[in-house]
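I have placed the structure first, in the form of structure tokens, so that the comments after it can refer back to it.
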Amino acid sequence: GQQVKQSSPSLTVQEGGILILNCDYENDMFDYFAWYKKYPDNSPTLLISVRSNVDKREDGRFTVFLNKSGKHFSLHITASQPEDTAVYLCAAGRNNNNRIFFGDGTQLVVKP
Amino acid sequence: NAGVIQTPRHKVTGKGQEATLWCEPISGHSAVFWYRQTIVQGLEFLTYFRNQAPIDDSGMPKERFSAQMPNQSHSTLKIQSTQPQDSAVYLCASRVGGGDEQYFGPGTRLTVL
């Protein structure tokens, strides 16, 4: 089965709004959680990541929340901008295990 | 730092021909990953190497696909007897040993006619 799942294939919001992208994972041994951003015709790049020893990490307008008991993590984006329009891929894996598992992605559209 | 280098950027083959895709990881990175990206399937894991050794090839199609890493500076993905359904963007990524972030290359867009 799929190790990491994103339930929403797409999301459209108005500029300036707050949005939440969600990700569920299967393996409760995972201890690394990340969000990658992908523009059309470009490769994914790391946006933000967090280890399992914390339940929140903030970087500017982007915050990752981790709910280990629920095997769920989310990306919150505040003051959304049209430049945030991209595909967001969540990823999770185990420390010292080099493979990380990616979700299918959520296409975010921020309308001006 | 040039990042992960992939060549060629675009490749067009006829059905039944062989395609070889090249990846040069970031210097010092000991883990190399191959993915296939399509609109329908999204990002699919194919295989990865650590310190040049194959670790997990569970995503590789059992026939026609093979990957090697003969030295620390490059890896190849070979597709024999290419089929139209092999058309995709093939991404290579590398990672520092023990690190988390994967750095992706620009990809090779393979088109099989």
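Overview of results
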| quantity | calculated |
| --- | --- |
| Some residue of the stretch B:40-48 being assigned to a strand (DSSP E or B) and at pLDDT 95 or above | yes |
| Any hit, the stretch B:38-49, residues being under 15 Å from residue B:64 (Cβ atoms) and in contact with a helix residue (DSSP H, G or I) (Cβ under 9 Å, 6 or more places away or on another chain) | no |
| Residue in the stretch B:79-97 that is assigned to a strand (DSSP E or B), more than 13 Å from chain A (Cβ to nearest Cβ) and more than 16 Å from residue A:36 (Cβ to Cβ) present | yes |
| Checking residue B:59 against (1) farther than 15 Å from residue B:105 by Cα; (2) open to solvent by less than 20 Å² (accessible area, probe 1.4 Å); (3) small (Gly, Ala, Ser), the condition it does not meet | (2) |
| Answer from A:47, A:66 - the residue that is within 14 Å of another protein chain (Cβ to nearest Cβ), under 19 Å from residue A:6 (Cα atoms), out of contact with any Cys (no Cβ under 8 Å at 6 or more places or on another chain) and assigned to a strand (DSSP E or B) | A:47 |
| Those residues of the stretch A:86-104 which are in contact (Cβ under 8 Å) with a residue 12 or more places away in the chain, surrounded by 15 or more Cβ atoms within 10 Å (Cβ to Cβ) and more than 14 Å from the chain's Cα centre (by Cα), in sequence order | A:94 |
| Which numbered condition residue B:33 misses (of (1) touching a Cys at 6+ places or on another chain (Cβ under 9 Å); (2) open to solvent by 20 Å² or more (accessible area, probe 1.4 Å); (3) within 11 Å of chain A (Cβ to nearest Cβ)) | (2) |
| Single residue of the stretch A:7-34 satisfying the filter (closer than 15 Å to residue A:99 by Cα and under 13 Å from the mean Cα position of the chain (by Cα)) that is nearest to the other protein chains (Cβ to nearest Cβ) | A:32 |
| Candidate set: the stretch A:72-85, residues that are open to solvent by 10 Å² or more (accessible area, probe 1.4 Å) and not hydroxyl-bearing (Ser, Thr, Tyr); chosen: the one nearest to the chain's Cα centre (by Cα) | A:76 |
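The rows are residues; the columns are (1) modelled with pLDDT of 95 or more; (2) in contact with a helix residue (DSSP H, G or I) (Cβ under 9 Å, 6 or more places away or on another chain); (3) of a type in the set (Ser, Thr, Tyr).
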{"site": "A:15", "(1), (2), (3)": "yes, yes, no"}
{"site": "A:63", "(1), (2), (3)": "yes, no, yes"}
{"site": "A:72", "(1), (2), (3)": "yes, no, no"}
{"site": "A:99", "(1), (2), (3)": "no, no, no"}
{"site": "A:108", "(1), (2), (3)": "yes, yes, no"}
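The values are calculated or read from the model by the stated rules, or taken from the named source; none is laboratory data. Fair warning: this is a prediction, and the values are worked out from it, not measured in the lab. Note: ideal-geometry Cβ built from the backbone for every residue, glycine included; neighbour counts use all protein chains shown. Each accessible area value is taken on the protein alone, full model and side chains, heavy atoms only, with ligands, DNA and RNA left out. Shrake-Rupley method; radii C 1.70, N 1.55, O 1.52, S 1.80 Å.
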